[in-house]
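The values are calculated or read from the model by the stated rules, or taken from the named source; none is laboratory data. Note that the structure is a prediction, hence the values are computed from the model and not measured. For neighbour counting, all protein chains shown are included, and Cβ atoms are generated from backbone atoms with ideal geometry for every residue, glycine included.
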Ligand code: NAD
């Protein structure tokens, strides 16, 4: 159980992050949720977590492109709850375009949100974890931390970067009871995947209907999408005491994608 632990989950107003925040709360952790969206919808999700799981849930609107806001989010969580024990770096965006047409500002934004934000949050959270000699850092990476696909230069570069950051920090904190792992999902049906279908169709010169079968599910030997709840269950396990010896791992959950 994660009772009396506090978890910060970035990018948890939607998709995988929301499922992870809810699953950690179900284990008894207080949670800080974060991300963008309609204020009333975010407040509904926050209140629902408290009601359903009997924990405290607070919302941070920290923008993952802003290092000072990320550090403040961790400091506020430590002040409110006394500790940040589980840090899930999950916020992420995608953009699909050939490299020579890739918008420069999209490159910078993806590197900031999908890679640098994890560095800033880890940097802020590690001192407390070290002092308490317990911590779990879980980075939502991707199968794209291990293999590439065309037209996703920024995303694949950021996710490979997350793999390196995960391994490096794991080595630095290994003797402090802190584990650092990356979950590497294949395609999970979320708004992030749905939104990339039109640009993928354009970049590959195929129809939007063909993208699902010929691009997305073609990568996955199971021919099925991974679910957000499956990814959340993996995060809960990595946060548990049973997973204390798993660190520096690139933990795949990809229907066999990266076995090919
Ligand atoms: P999603 O679009 O449903 O959720 C993304 C979350 O990040 C949202 O809460 C959004 O508000 C938040 N976010 C975006 N920009 C932000 C910013 N600047 N500051 C703070 N929050 C911000 O997407 P998802 O599919 O759930 O993706 C979550 C993570 O999982 C990402 O890192 C993504 O790369 C990774 N991932 C997704 C898949 C997939 O197939 N869906 C596969 C592998 C990895």
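Residue pairs whose Cβ atoms lie under 8 Å apart, separated by 6 or more positions or on different chains, with the first residue in region 140-156 and over 23 Å from residue 12 (Cα atoms) and the second within 11 Å of the ligand (Cβ to nearest atom) and at pLDDT below 95, are 149/219. Remark: residue 158 falls outside the filter, which requires a residue to be part of a helix (DSSP H, G or I) and either farther than 24 Å from residue 204 by Cβ or more than 11 Å from the ligand (Cβ to nearest atom) (or both). Within region 121-149, being more than 25 Å from residue 245 (Cβ to Cβ) and either touching a strand residue (DSSP E or B) at 6+ places or on another chain (Cβ under 9 Å) or away from the ligand (no atom under 14 Å from the Cβ) (or both) holds for 124, 144. Being more than 27 Å from residue 87 (Cα to Cα) and within 16 Å of the ligand (Cβ to nearest atom) is a property that does not hold for residue 183.
Scanning region 36-51 turns up no residue that is assigned to a loop (DSSP other than H, G, I, E, B) and surrounded by 20 or more Cβ atoms within 10 Å (Cβ to Cβ). Of the set (1) within 16 Å of the ligand (Cβ to nearest atom); (2) farther than 25 Å from residue 101 by Cβ, all apply to residue 152 but (2).
Scanning region 87-101 for residues that are crowded, with 16+ Cβ neighbours inside 10 Å and either more than 22 Å from residue 19 (Cβ to Cβ) or away from the ligand (no atom under 16 Å from the Cβ) (or both) gives 95, 96, 97. Applying the criterion of being out of contact with any helix residue (DSSP H, G or I) (no Cβ under 7 Å at 6 or more places or on another chain) and over 19 Å from residue 165 (Cβ atoms) to the residues of region 235-258, the residue that is surrounded by the most Cβ atoms within 10 Å (Cβ to Cβ) is 255.
Scanning region 196-213 for residues that are surrounded by fewer than 14 Cβ atoms within 10 Å (Cβ to Cβ) and under 26 Å from residue 251 (Cα atoms) yields a single hit, 213.
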